[in-house]
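The values are calculated or read from the model by the stated rules, or taken from the named source; none is laboratory data. Please read all numbers here as calculations on a predicted model, not as lab measurements. Heads up, the Cβs are rebuilt from the backbone with ideal geometry, glycines too, and the neighbour counts pull from every protein chain shown. For the accessible areas, the whole protein counts, side chains as well, though only heavy atoms, and no ligand, DNA or RNA atoms are used. Shrake-Rupley method; radii C 1.70, N 1.55, O 1.52, S 1.80 Å.
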Amino acid sequence: MDEHVLTTYLRADEVFVRGQGARLWDADGRQWLDFLGGIAVSALGHNHPRLVAELTDQLGKLIHTSNLFRHPYTDEVAARVTRLSGMEAAFFTNSGTEAVEAALKIARKRQRQLGEAGRTGFVALEGSFHGRTLGALSVTHTAKYREPFEPLVPGVQFVAPDDSPALERALREQRPAALIMEPIQGESSVRCLEPRYLRDARRLCTETGTLLIHDEVQCGSGRTGTFLYGEQLDLRPDIVTLAKPIAAGLPMGMALVGKELACTLQPGDHGSTFAGGPLACRGALCFLREIEEHGLLENVRARGAQLRAGLEEFRREFGVVSELRGLGLIQGLRLERGAEALQKKLYQDGLITNRTGGDVLRLLPPYVITQAEVAQGLEILRGGLRSL
């Protein structure tokens, strides 16, 4: 099947043809329980009835217009997202990487507007992952992603996470345009940054005139039980990037800005041919209505607590489990050994997960997962741990 496709992915042999809720079926009729959700994308699971109805209706009306013209859904999506996030305005993109690119450009433009044209650099964190375009890759720390494509955008300094003195030195000495950080580093082993450190980062950015960018592409849009993870800590960044589940499986990202930055980009400064089109916006509207009108985040919190309780049992029961990470429906199980073998065993037993950071099993179920499905997934995971 890959004869004419660039070999950039190590894909499983199975061909998935159908889904329902948190379950997938391959071409041979075999069933899996999906605890990966398209890598944190399929928040409404598979074949969600209201989503199917919305998209089917839109397909029969209008798919694409470009951003030269208006369509009925842009403003409603932006209004709902800004209401949920507490931000002021949104720039639509097709992906998280593009949202990060927009955020970096907004930060540079804002510094120029403030008379600080020399503030063009960025500070990012060790362990960060922000995307694969040259700009987003430049603030991504992992060497294996960066090295084949260097030189990247200059002027980026990386500091250790949870080290407030190091962050303060970098911000005061480098005077960057922005600090970009993931409050929960998803690709870096589901690492939650310390609340104290996140609060220090907000304070230091304010003191130094550095814009604060929260990359919530993976942990945002409700995955932790609140729309943004930062709101649990009463933190308001200057820019937030979102993507992954925001359009329930269709390609969409966003860069959200606070009131002070709402007029930073002027016509012609930035753009996208496909972003925020009618079809993707209908998907986003369905997702946002599920949050605001159908109690979706209540299920995230309940199922997240159920999942964490089961993982806590495993930490007590199995010596190979060294640490639990994350919250809500982004959780990680760190192992002393055997993470790769465990992931393969689980897949053979009908549970889809993945590994991150080498030794952490990452769990990203859809928001619609049921109590029975969490219990079933935990039983499969218990059997896998026993096999270690």
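Both radii come from the Cα set of the stretch 218-262: Rg as radius of gyration, Rh as Kirkwood radius; their ratio Rg/Rh reads 0.99. Using a ≥ b ≥ c from the Cα gyration tensor of the stretch 27-130 (square roots of the eigenvalues), is it rounded, prolate or oblate, where a/c under 1.5 gives rounded and otherwise the larger of a/b and b/c decides, a/b for prolate? In terms of gyration-tensor shape, oblate. Computed from the Cβ-Cβ distance with R0 of 56 Å, the FRET efficiency linking Phe318 to Glu260 stands at 0.70. Each of His294 and Glu379 was given a label point 7 Å from its Cα along the Cα-to-Cβ line. The distance between the two points is 2.7 nm. Distance between the 7 Å Cα→Cβ label points at Leu134 and Asn354: 2.6 nm. Normalised by the number of residues in the chain, the mean separation of alpha-carbon contacts (under 8 Å, six or more apart) gives a relative contact order of 23 percent. With a ≥ b ≥ c the root eigenvalues of the C-alpha gyration tensor of the stretch 107-179, is it rounded (a/c under 1.5), prolate (a/b larger than b/c) or oblate? Oblate, since a/c reaches 1.5 and b/c is not below a/b. For the chain, leaving out every one of the chymotrypsin sites (Phe, Trp or Tyr not before Pro) that falls in a DSSP loop and has at most 14 other Cβ atoms within 10 Å, the longest unbroken run is 70-388.
Would the stretch 243-388 count as rounded, prolate or oblate if I go by the C-alpha gyration tensor, calling it rounded below 1.5 in a/c and otherwise prolate when a/b exceeds b/c, oblate otherwise? Since a/c reaches 1.5 and a/b is larger than b/c, the shape of the stretch 243-388 is classed as prolate. What the Cα convex hull of the stretch 298-349 gives, in volume per residue, is 80 Å³. For the stretch 1-89, the list of GluC sites (Glu not before Pro) that fall in a loop by DSSP and count at most 10 other C-beta atoms within 10 angstrom reads Glu3. Helical content alone sets the calculated 222 nm signal of the chain at -11500 deg cm²/dmol, taking -39,500 (n - 2.57) per DSSP H segment of four or more residues and averaging over every residue. In the stretch 161-291 the Cα-Cα distances spread across 10 Å bins starting at 0 as 12, 38, 34, 15, 2 percent of all pairs. Remark: spin-label model distance Gln371-Glu88 equals 4.5 nm, labels positioned 7 Å along the Cα→Cβ axis. When the solvent-accessible area of the chain is split by element, carbon and sulfur atoms take up 50 percent of it, the probe being 1.4 Å. Among Gly332, Gly358, Gly276, the residue with the largest mean-square fluctuation in a Gaussian network model of the chain, with springs joining Cα atoms closer than 10 Å, is Gly358. Have a look at Gly258, Gly319, Gly135 and tell me which one the Gaussian network model of the chain (Cα, springs below 10 Å) gives the largest fluctuation. The residue with the greatest mean-square fluctuation here is Gly319. Taken about its Cα centre, the chain carries a charge dipole of about 340 debye when Lys and Arg each add +1 at the Cβ and Asp and Glu each add -1 at the Cβ. Mind checking the log10 I(q)/I(0) for the stretch 25-80 at q = 0.15 Å⁻¹? Debye, one equal scatterer per Cα, no solvent, two decimals. Result of the Debye calculation: -0.70. Please identify, among Pro148, Pro72, Pro366, the residue showing maximal mean-square fluctuation in a Gaussian network model of the chain using a 10 angstrom Cα cutoff. Comparing Pro148, Pro72, Pro366 in a Gaussian network model of the chain, the most mobile one is Pro148. Going 7 Å from the Cα of Arg146 along its beta-carbon direction, which residues of the stretch 178-221 have the amide nitrogen within less than 14 Å of the resulting point? Of the residues in the stretch 178-221, 180 have backbone N under 14 Å from the label point off Arg146. In straight-distance terms, cross-link reach from Lys109 covers every one of the lysines whose alpha-carbon lies under 23 Å from its own, apart from those fewer than eight places away in the same chain; here that gives Lys259. The stretch between Glu14 and Val153, if pulled fully straight at 0.36 nm per residue, gains 46.2 nm over its current Cα-Cα span. Taking a cut-off of 18 Å between Cα atoms, list the aspartates and glutamates near Lys345, but don't count ones fewer than 8 places away on the same chain. The qualifying aspartates and glutamates are Asp13, Glu14, Asp26, Asp34, Glu336, Asp359, Glu379.
Each DSSP beta bridge with both residues in the stretch 79-236 is either parallel or antiparallel, and the antiparallel ones are about 15%. Quick check: the distance between the Cα centres of the stretch 324-388 and the stretch 196-241, to the nearest angstrom? Their Cα centres are 27 Å away from one another.
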